[in-house]
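J.: Have a look at this one.
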Amino acid sequence: MSNALYPGSFDPVTYGHIDIIKRAARIFDTLTVGVLNNNVKSPLFSVEERVKMLQTACAGIPNVSISSWQGLLAEYARQAEVDVIIRGLRAVTDFEYELQMAQTNKKLNPKVETVFLTASLEYAYLSSSVVREVAAFGGDIGIFVPDFVAREIYLKLRPEGVSGRAEDKDTDNEQ
Ligand code: COA
């Protein structure tokens, strides 16, 4: 059995993450998607909210489960008994940070390997912070995230709603 862990902030989950999840789930027997906090980021969504969105997004993929962890990734991998950590690489700019993270995790937990999946071309530009920024200015984020995620983002950032936007049309609980 090969068990993999795909860790990240997922603040919020995007189509880019979902693409990596689907592809990793085809390669490994089980895939745990793990929500962690990156200390240098101030998240828009709580860990519980991020887990819930991922559960909905991955509901149709049988060998994928969602969990969360407070602490070191290397320790999480040990506790979860995974052999592999999955990370998505979008561009060469990701590489330096990812290499350092993979090497640090290998030192802390020699049993775990990091495997990189290259982001699909159509999502190579995508990041959660770009999605949040476009939403903050009222732009259309429907091409970046599933509709239910778009609604959650608008409810957080623009609780008054944005008239005319596709994501708002069936959102009837604006505060
Ligand atoms: N498609 C689209 N976007 C992608 C992507 C893909 N395939 N892969 C990564 N991204 C984006 C994310 O949306 C995110 O964008 P943002 O910064 O604009 O929000 C960015 O790339 C990278 O974020 P993420 O993958 O969530 O990683 P991270 O750097 O925020 O955190 C952790 C990674 C949580 C695993 C790391 O912080 C961690 O390990 N924390 C625990 C503490 C620890 O062990 N520290 C030592 C690590 S060596």
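The values are calculated or read from the model by the stated rules, or taken from the named source; none is laboratory data. Bear in mind that the values here come from a model prediction, so they are computed numbers and not experimental data. For neighbour counting, all protein chains shown are included, and Cβ atoms are generated from backbone atoms with ideal geometry for every residue, glycine included. Accessible surface areas use protein heavy atoms only, side chains included; no ligands, DNA or RNA. Shrake-Rupley method; radii C 1.70, N 1.55, O 1.52, S 1.80 Å.
J.: Condition first: within 7 Å of the ligand (Cβ to nearest atom) and part of a helix (DSSP H, G or I). Now tell me which residues in the range 71-93 satisfy that.
T.: Leu73, Ala74
J.: Still on this structure, I have one more. Condition first: more than 10 Å from the ligand (Cβ to nearest atom) and within 14 Å of Val82 (Cβ to Cβ). Now tell me which residues in the range 98-108 satisfy that.
T.: Step one: list which residues in the range 98-108 are more than 10 Å from the ligand (Cβ to nearest atom), which gives 99.
Selection gives nothing.
J.: Moving to a separate point now. Out of the residues in the range 87-133 meeting the condition of being of a type in the set (S, T, N, Q) and in contact with a strand residue (DSSP E or B) (Cβ under 8 Å, 6 or more places away or on another chain), tell me which one is farthest from Val13 (Cα to Cα).
T.: Only one residue fits best here, namely Asn105.
J.: On to the next question. Restricting to the range 3-34, what's the tally of residues that are over 16 Å from Ile141 (Cβ atoms) and near the ligand (Cβ under 8 Å from one of its atoms)? Break it down stepwise before answering.
T.: At the first step, the residues of the range 3-34 found to be over 16 Å from Ile141 (Cβ atoms) are 3-9, 19-34.
Filter again for near the ligand (Cβ under 8 Å from one of its atoms), leaving 7-9, 19-20, 34.
Summing the residues that are over 16 Å from Ile141 (Cβ atoms) and near the ligand (Cβ under 8 Å from one of its atoms) in the range 3-34 gives 6.
J.: Take the range 35-70 and flag every residue that is near the ligand (Cβ under 8 Å from one of its atoms), open to solvent by 60 Å² or more (accessible area, probe 1.4 Å) and under 13 Å from the mean Cα position of the chain (by Cα).
T.: Asn37
J.: Picking from Glu98, Glu49, which residue would you name as being within 26 Å of Glu152 (Cα to Cα) and in a helix (DSSP H, G or I)?
T.: Working: Glu98 fails: within 26 Å of Glu152 (Cα to Cα).
Just a single option satisfies the conditions, and that option is Glu49.
J.: Could you please tell me which pairs satisfy a Cβ distance under 6 Å, a separation of 6+ or placement on different chains, a first residue in the range 135-154 that is free of Cβ contacts under 8 Å to residues at least 24 places away in the same chain and within 14 Å of Phe10 (Cα to Cα), and a second residue that is part of a loop (DSSP other than H, G, I, E, B) and open to solvent by 10 Å² or more (accessible area, probe 1.4 Å)?
T.: As it stands, the answer is Ala150/Gly142, since those pairs meet every condition given.
Residues checked against (1) surrounded by 15 or more Cβ atoms within 10 Å (Cβ to Cβ); (2) free of Cβ contacts under 8 Å to residues at least 12 places away in the same chain; (3) in contact with a Ser or Thr (Cβ under 9 Å, 6 or more places away or on another chain):
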site: Gly88; (1), (2), (3): yes, no, yes
site: Thr93; (1), (2), (3): no, yes, no
site: Glu96; (1), (2), (3): no, yes, no
site: Met101; (1), (2), (3): yes, no, yes
site: Thr104; (1), (2), (3): no, no, no
site: Lys111; (1), (2), (3): no, no, no
site: Phe116; (1), (2), (3): yes, no, no
site: Tyr123; (1), (2), (3): yes, no, yes
